[in-house]
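Report on one structure; see the data block that follows.
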Amino acid sequence: MNIQIFGTAKSFDTKKAQRWFKERGIRFQMIDLAVKGMSRGEFESVCRAVGGWEALFDPDSKDKQNALLIRYAPEEMHADMLLENPKCLKSPIVRNGRQATVGYCPEEWETWE
């Protein structure tokens, strides 16, 4: 498995996801969205796995101004704006190759091989 956890250091659910993988001895790579963000390829892969950018968008993010801009922007701009504003992503985003989840989803992670 090649697990990547995208989240922020202050996110409670991100910490729970890290603990879940550590307890099972599964190695993972932590990417802090506040520091690095996602590459376009990672973003597009996760969008395909979870059903689109809408599943990744957190309308209640702490970055209220950018969340409003994304929400009311023209449809064709939503994904690009979300990629440029990683603080508006739900977390954690856990990725294993072509598989991905948004939020704390241990039931699904157990099915990954």
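The values are calculated or read from the model by the stated rules, or taken from the named source; none is laboratory data. Keep in mind the model is a prediction, meaning the values are calculated, not measured. Backbone-built Cβ (ideal geometry, glycine too); neighbour counts: all protein chains shown. Just the protein is used for accessible areas: all its heavy atoms, side chains included, with ligands, DNA and RNA removed. Shrake-Rupley method; radii C 1.70, N 1.55, O 1.52, S 1.80 Å.
A simple spin-label model places pseudo-atoms 7 Å from Cα toward Cβ; at K16 and K64 they are separated by 2.6 nm.
So, R0 is 35 Å and r is the distance between the beta-carbons of R98 and A73; what FRET efficiency does that work out to, to 0.05? According to the calculation, E is roughly 0.80.
Rolling a 1.4 angstrom probe over the protein heavy atoms with all chains in place gives segment 1-63 an accessible area of 60 Å² per residue. The portion of the accessible surface of the chain made up by carbon and sulfur, rounded to a whole percent, is 48 (1.4 Å probe; DNA, RNA and ligands excluded).
What is the dipole size for the chain, taken about its Cα centre, with +1 at each Lys and Arg Cβ and -1 at each Asp and Glu Cβ, in debye to the nearest 20? All intermediate terms of the calculation are to be shown ahead of the outcome.
Numbers: 17 positive and 17 negative charges, 108 e Å.
That gives a dipole near 520 debye.
Taking 7 Å steps out from each Cα toward its Cβ at E54 and E110 produces label points 3.0 nm apart. Taking every protein chain into account, the 1.4 Å probe leaves T111 with about 100 Å² of accessible area, to the nearest ten.
Axis angle, to the nearest 10 degrees, between helix 12-23 and the longest C-alpha principal axis of the chain: 20 degrees. To test your reading of the geometry: what angle, between 0 and 90 degrees and rounded to tens, separates the Cα axis of helix 40-50 from the longest principal axis of the chain? So the helix axis and the longest Cα principal axis differ by about 80 degrees.
Using DSSP to call loops (not H, G, I, E or B), can you name the trypsin sites (Lys or Arg not before Pro) in segment 5-110 whose Cβ has at most 16 other Cβ atoms within 10 angstrom?
Answer in residue order: K10, R24, R27, K36, K62, R98.
If you run the Gaussian network model on the chain, springs between alpha carbon atoms under 10 Å, then out of G52, G97, G41 the most flexible one is G41.
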